[in-house]
Amino acid sequence: MRSYDKAHLLITGGAGYIGSHACIEFLNAGYDIVVIDNLCNSSQESLNRVQKITNKSLKFVYGDICDVKILKKIFSEYNFEAVIHFAGLKAVGQSVNKPIEYFNNNIIGTIHLLQVMQESNVKKIVFSSSATVYGKPEKLPIKETFPRSATNPYGRTKLIIEDMLKDICVDKLWHVALLRYFNPVGAHSSGLIGEDPRDIPNNLLPYVSQVALGKLKRLSVYGNDYPTIDGTGVRDYIHVVDLVKAHVKALEYLNAGNAGIHAWNLGVGKGYSVLQVVDAFERLNKIKVPYEITARRKGDVAECYADPTKANNELIWQTEKTLEDMMVDSWRWQVNNPTGYS
Ligand code: NAD
Ligand code: UFG
């Protein structure tokens, strides 16, 4: 006998940066949700704030997706209609030094999740993939049909999980969405939730914000000799709120009876250089971001941006936020929460 007969969504990794923003969109769209998270890179406080922002409640299970027992327990308690799967380790550099940890957490965790989903006859999943699956793209903008490859263990986990998800679709009852994120940035406009890196940030926007705050001395701009507009790396930055809205659309697409596997690029379709980002951040927030040009970072590509046409057409989804919104919202979150959630 189930404790809850009403249909729920299971959101793995829902306490994290993108997952917490997604919880808001799913709650506002009327879904009942259960979050499972082991808080290895997040804080439960994010979920308290999600409930404050939405004035709706969610259920939280402190647990690891590698733990089959806990998965079986929650799948027996709840009537899940689908899983939105964010849980995973995501630091590219760390994955090079700890590949087995990444394979275990991301791949084995997903295998356990899929196994329990199958046993429970829950065959709908929206998976957080990444533009990293395109390796070093030969052409731009990147389309979903481009060849895929891995340049580091983190990327390999995304490739392998994508392939596993494709293979399970031999069973025609599975409905799978692969969402390939470009560079998610920004924060909810309330300033209550945002990205809260545990250590020194790897990604550009959290680093820029912490330099602006004075927590870090200066930004290292990794190379100004790329064949780009000003020599610095170009990326497709997408506001996290636009990004998570596509998850609701992807679930609706699967719910409309579209079985099998579907991949969508989630990006704006336009690239900005590191110096353009720094300039916009300084100008809009009226704050200085001291920086120095340093050597290129190993593994970086010069330019990367999406062709989001497939997502625009099939999901009936467009990004709405501007680069300005991304800069202002990132800074609001950082200023209001100088030590993150702690
Ligand atoms: P995040 O670290 O903030 O969120 C991941 C969440 O998963 C965290 O709350 C963490 O505690 C949880 N988690 C990790 N392993 C777990 C496990 N075994 N069991 C239960 N919970 C676990 O990262 P994010 O930026 O929100 O990323 C979410 C997803 O999107 C990840 O799969 C990531 O690889 C993917 N992604 C992120 C980016 C990005 O730039 N942020 C880009 C492309 C793809
Ligand atoms: N950069 C700097 N200084 C920094 C940090 C970044 O100059 O301190 C530059 C990078 O060289 C790059 C750009 O800012 O040109 C963006 O770098 P990020 O680290 O923010 O993002 P990446 O594009 O390198 O990586 C992101 C995700 C990965 C994902 C990859 C491919 O973090 O998980 O996109 O989609 F694999």
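List of remarks:
- Largest GNM mean-square fluctuation among Gly135, Gly88, Gly267, using the chain with Cα springs under 10 Å: Gly135.
- Global size of the chain as Cα Rg and Dmax, reported in angstrom: 19.4, 63
- Subtracting the Cα-Cα distance of Lys143 and Lys52 from 0.36 nm times their residue separation leaves 28.9 nm of extension gain.
- Put a plus charge on the Cβ of each Lys and Arg, a minus charge on the Cβ of each Asp and Glu, and nothing anywhere else: the dipole of the chain about its Cα centre is then about 320 debye.
- Overall shape of the range 104-201 was characterised from the C-alpha gyration tensor. The equivalent ellipsoid obtained from it has semi-axes of 25, 20, 14 Å, in decreasing order.
- Estimated from helical segments only, the mean residue ellipticity of the chain at 222 nm is -11000 deg cm²/dmol, where each DSSP H run of four or more residues counts as -39500 (n - 2.57).
- The range 309-340 and the range 111-166 have Cα centres spaced 23 Å apart.
- Note: the range 1-108, Cα convex hull, 94 Å³ per residue.
- FRET efficiency, Glu282 to Tyr4 (Cβ-Cβ, R0 56 Å, nearest 0.05): 0.70
- Projecting the Cα atoms of Gln118, Tyr31, Phe60 onto the charge dipole of the range 20-141, computed from C-beta unit charges around the Cα centre, puts Tyr31 farthest toward the positive end.
- Only protein atoms count toward the accessible area here, which uses a 1.4 Å probe; on the range 165-314, the carbon and sulfur part of that area reaches 50 percent.
- For the range 37-186, alpha-carbon Rg relative to the globular expectation (2.2 N^0.38 Å, N residues): 1.11
- Altogether, the Stokes-Einstein calculation at 25 °C and 0.890 mPa s, with the Kirkwood radius of the range 161-277 over Cα pairs as Rh, returns a diffusion coefficient of 146 µm²/s.
- Electrostatic dipole magnitude of the range 215-315 [Cβ: Lys, Arg +1; Asp, Glu -1; Cα centre; debye, to 20]: 500
- Hull-based mean projected area of the range 234-307, where the convex hull spans the alpha carbons, in square nanometres: 7.0
- Look at the dipole of the range 208-341 built from charges on Cβ: of Ser220, Val244, His262, the Cα furthest out on the positive end belongs to Ser220.
The values are calculated or read from the model by the stated rules, or taken from the named source; none is laboratory data. What you are looking at is a predicted structure, and each value in this text was computed from that prediction instead of being measured. Cβ: placed from backbone, ideal geometry, glycine included. Neighbour counts: every protein chain shown. SASA here: full protein model, heavy atoms, side chains in, ligands and nucleic acids out. Shrake-Rupley method; radii C 1.70, N 1.55, O 1.52, S 1.80 Å.
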